[in-house]
Each structure stands twice: as structure tokens, then as C-alpha cells.
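Taking it in order: structure first as C-alpha cells, then the write-up.
Values in this text are rule-based calculations from the coordinates and carry no lab data. None of these values were measured; they are calculated from a predicted model.
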Amino acid sequence: MILDHPAFQPFEPILRSIHKKAFTTGIQVLDAKGKTILDIKDDHQLFAKFIRGCHKGYQKAQNKIADVVISLEEHINNNIVSIKSLRSENKMNPTIRELEMQIMTARNRILVLRRMYDAIVFTLFMQRKWIINRLGDYKRSGTKPHRF
């Protein structure tokens, strides 16, 4: 799976940043108080602060994922328009292949970011597996999802 291309900034730092926001913010809250993960076992207030820190990290990570996915989708759409324009002018333009590689790279990045988002959702609901099982049920049952 190709995730890097000269047209984009390197993907690894973006992914590391999102991972750090999502999965270390709760621990950072404990570190700031001089506590460890073992201390939340007996201290309910500290546990609540840890959970709030985790949720804040999840929110920041989700926002970053959304920003990156939106910019990648815009890049894909712009490249598709360019490809259509180039094909109407000259069928054998070598730029078309370069634009197609950029689209493939952007789609691969979006897929990885969606998997990161899935990891956040799983972490939030891992104690309630029935929620995770129900997330995709409407597709199998033929019913439409509820609108809230």
C-alpha cells in the first residue's frame, strides 16, 4: 500500500500525531498529576479525570482525522477534474498517470485514517461489544439507519 508521494507531506508524522492524541492524552493527564495508571484503581476522581483526558484526546484525534480526510478528498476531486480535462485534450498525456498515482495515494491514506478512527471507536465501546456489532447491522438487515 503506497502512502507517500512527493505531492503530499510525509504521512508517518501525521499518523503518529493522531495516534498520540488519541491514545496517550489520558496518560498525560495522570503524568501531570504525578500519578500512574495503577492509581486510578482506587481513586474515583482520578479515574474520572483520566477518562475525561482520554475523551478529549479522542475528540482531538477525530477532528484531525476529519481535517486530513477532507483535504485529501479535495485533492482527489481536483485531480479527477484535471484528468478529465487532460483526457479531453490529449489521450496520451503522461501527467495523467502522475495524477492517478496521487489519487491512489490519497485513497490509501484515507483508508488508513478510517482504520485509526475504527480503533478509537473500538476503544470507546470495547466493554459494550453489542454496540460495535450493531454499527453495521442495518446493511445486513436491509433496513435504513435511524436518523437522529
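Considering only Glu74, Glu89, Glu98, the Gaussian network model of the chain with Cα springs below 10 Å gives its largest mean-square fluctuation to Glu89.
How would the stretch 2-58 be classified by its alpha-carbon gyration tensor: rounded, prolate or oblate, with rounded meaning a/c under 1.5 and the a/b versus b/c comparison settling the rest? Here the stretch 2-58 falls in the prolate category.
Tell me the mean residue ellipticity at 222 nm calculated for the chain from its helices only (DSSP H runs of n ≥ 4, each -39500 (n - 2.57), averaged over every residue, nearest 500).
Working: 5 runs with 110 residues, N = 148.
My calculation for the chain gives -26000 deg cm²/dmol from helical runs alone.
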